[in-house]
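**Student:** Before I ask anything, let me first share the structure, which is written out below as structure tokens.
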Amino acid sequence: MDLERGQALADPRDAGIGTESDLSKKLYVGNIPFSTTEDELRGLFAQHGDVDSVAVITDRETGRARGFAFVEMADAAAADKAIQSLDGSDLGGRSLRVNEAHDRRGGGGGGGGGRRY
């Protein structure tokens, strides 16, 4: 399919972009025990569908787990099933928080205040 410069696609599927149900879905998993491994999370989420990736987030300086992770499921239906089944469930004595991950928005940080004289 050839497009002239500036010509818009009428339907995103024309560009090979699938619908949401065709795409994988990234999940935020919070309040996990600090000892939780990626393999443990993969096994837990694999009960609900194919898992593409798991990333337990660690502190840059200390290397210790920060208590949350991201799990990417192969399809949105499996991800929705995992959210419904696992949100609020117990893992190592902690109540998991599982929901759809959202892109980080700009901003963040801040420079603190200016000098006071």
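Only the coordinates and a few stated rules stand behind these numbers; no lab work does. As the structure is a computational prediction, the values presented were derived from the model and not from experiment. In this analysis, Cβ positions are derived from the backbone assuming ideal geometry, glycine residues included, and neighbour counts consider all displayed protein chains.
**Student:** If you keep only loop residues by DSSP, which GluC sites (Glu not before Pro) in the range 20-76 have at most 11 other Cβ atoms within 10 Å of their Cβ?
**Tutor:** In loop regions of the range 20-76 (DSSP not H, G, I, E or B), the sparsely surrounded GluC sites (Glu not before Pro) are 61.
**Student:** Out of the chymotrypsin sites (Phe, Trp or Tyr not before Pro) in the range 20-73, which ones are loop residues according to DSSP with at most 15 other C-beta atoms within 10 Å?
**Tutor:** Those satisfying the criteria are 34.
**Student:** DSSP loop trypsin sites (Lys or Arg not before Pro) in the range 34-71 with at most 10 other Cβ atoms within 10 Å of their Cβ, which ones?
**Tutor:** 60, 64
**Student:** Give me the compactness ratio for the range 20-100, meaning the Cα radius of gyration over 2.2 N^0.38 Å.
**Tutor:** Relative to the 2.2 N^0.38 Å estimate, the range 20-100 comes out at 1.04.
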